[in-house]
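FYI, it's all coordinate maths here, none of it is from the lab. Quantities reported herein were computed from a predicted structural model and do not represent experimental measurements. Reconstructed Cβ throughout: ideal geometry from the backbone, glycine too, with neighbour counts over all protein chains shown.
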Amino acid sequence: MSEDIVAEALKLFEDETRKNSGLQKFYEDFYSAIKNDYKNFEGCIEENRKKKNKHDSNVFCHINHKNEIALEKFQEQFKSIRLHDTKHCDYLLYWMSDKIAECKYNTHRIIWLYNIFQKFWENGICCNKKDSENNACEKPYVIEFDLNALKSKKGLYVLLDYYNSNKNILKNETSEKKKSFCNYVKYMFKLYNNMDSDVDINVHKKYDNELSIFRSNFENEENLSELKIGCNYPNLSAQSERELNNSIMSSEGNFQRFIPFKVELSKYVIEPPSEMDDILKETSSYKLYKEFETKVEAETDNEYCKGIFKEENNHQAEGIEICKKIINNFNKLYKNEIKTSVGNPCLHYKNWVYHEIWKFVINQSEYKNAKEIIYKFLDIQKGKNLRSSNPKNVCHYYFIFSDFIELNSKKEEKDLHDYFKYYHTIYENISAHISDKEKYKKYIQYIYELYKRHKIDWKCCDASYGVDPLCRHYFKCEEEYNPSDLLEILNGAKKEDIKKK
């Protein structure tokens, strides 16, 4: 489990933190003073509440005005334990963010603590103002309020700091520390790739500092090789999924893939059960797919789409309709006009497009002409969906081979992505006694067939490293997600027994 991996690693890093007792003591002293000051304030408020007689005079409660003097004292203490470079300032920001997060729903305390920390930062060595006229800090005061983002940012930073100070850990073959460290390395590299692949510029910007430090360390092949060899993870990569996809497309002529067997294309399709839509219809992903399917009444792009699907045949009207939806949804995505809230809307948009193209080919039985049809949809993108020159912001669907095998694989990726994303919801909804057991059986059996194909035939899982970089956006290799366990539960096995496996 990812939580266990992180917990084990944090225990490992605690020893290193204790070595720097000066920094730890500063945290304890500083926060103790802050808590005492706030405790006095809360005590004053409580005393006023107890006064029921209208003739009783209330005391004016305020935060201690001597804070500035106290802050000066702690400025000196912080200076005395200064670490190399700006590392001490990065750790201070993470610590401040942690402490503000502990306030939870106490809005007054959050605002007060935020202001205390801001004052400390702007008057201290971390701010490093260049001149008296310019009040801006060279290293800005930025508190992360998103707890998940904070864990990810801090996790990357701590890994780098620990590794740079403890490279000898990889030389001990049997060390439990090494095992915990290597598990953490694998987990954090996966997290790094997910963070760096996020196309939402506002989300991506949150991680800029940590991603930049991580990339600068591990784009160096020597550093990366030490981890690959030391942890026996030969597939570690500092490339994001986006960069990997770009490199694959740029070398398309030399790229080879594994096709499990030669078979009539229509028989290669594992038919999705109609029950799947019913099971997942209340999920955020399916609500977004439903939003993407909304008919476009405006005729703005009619002529353009008729130019793409100009052949008069039975599926011309369907092609034009999908074309208009693709352009409309792309524009909504870039204008932030999507109504359904869901993580990674770009990936959902691409999955929806692949599914639409797949249905278009399937409905017309145009397996052999799939390449020609795919090219039409790529032309739509080239002609209309050109919004950003920054590759980090691009949300484009893409094909390497542009044939039905690849298209079908992308449709399967969509269905596997949705299964893994909503696995825990599905798990909670099933048992051997549910009335619609057969509905779930059909769906889980379908997923199990896809799971086997991608895990084994398409080699998505590596015994030592985990998920292959090409599968990261849709597949999970942890055994807890194996659909066969859900089939066992539907067939009468107890959930408690399955968990013990």
Could you check the simple spin-label distance between Lys35 and Gln364, using points 7 Å along Cα→Cβ, in nm with one decimal?
6.9 nm
Per DSSP, loop GluC sites (Glu not before Pro) in the range 323-401 with at most 15 further Cβ within 10 Å:
Glu337, Glu366
Return the FRET efficiency for the residue pair Glu311, Asp403: r is the Cβ-Cβ distance, R0 is 22 Å, and the value is rounded to the nearest 0.05.
0.60
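If packing is taken as the mean number of other Cβ atoms within 10 Å per residue, what is the order of 115-123, 24-32, 343-351, highest first? Kindly include the intermediate steps, with their values, before the conclusion.
Working: 115-123: 17.4, 24-32: 14.8, 343-351: 20.9.
The most tightly packed comes first, giving 343-351, 115-123, 24-32.
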Distance (nanometres) between label positions extended 7 Å along Cα→Cβ at Ser175 and Gln445:
5.1 nm
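Suppose the chain between Ser435 and Asn491 were pulled fully straight at 0.36 nm per residue; how much longer would it get relative to their current alpha carbon spacing?
The Ser435-Asn491 span can extend by a further 18.9 nm.
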What base-10 log of the normalised intensity I(q)/I(0) is obtained for the range 284-413 from the Debye formula, alpha carbons as equal point scatterers, at q = 0.10, 0.12, 0.20 Å⁻¹?
-0.30, -0.44, -1.29
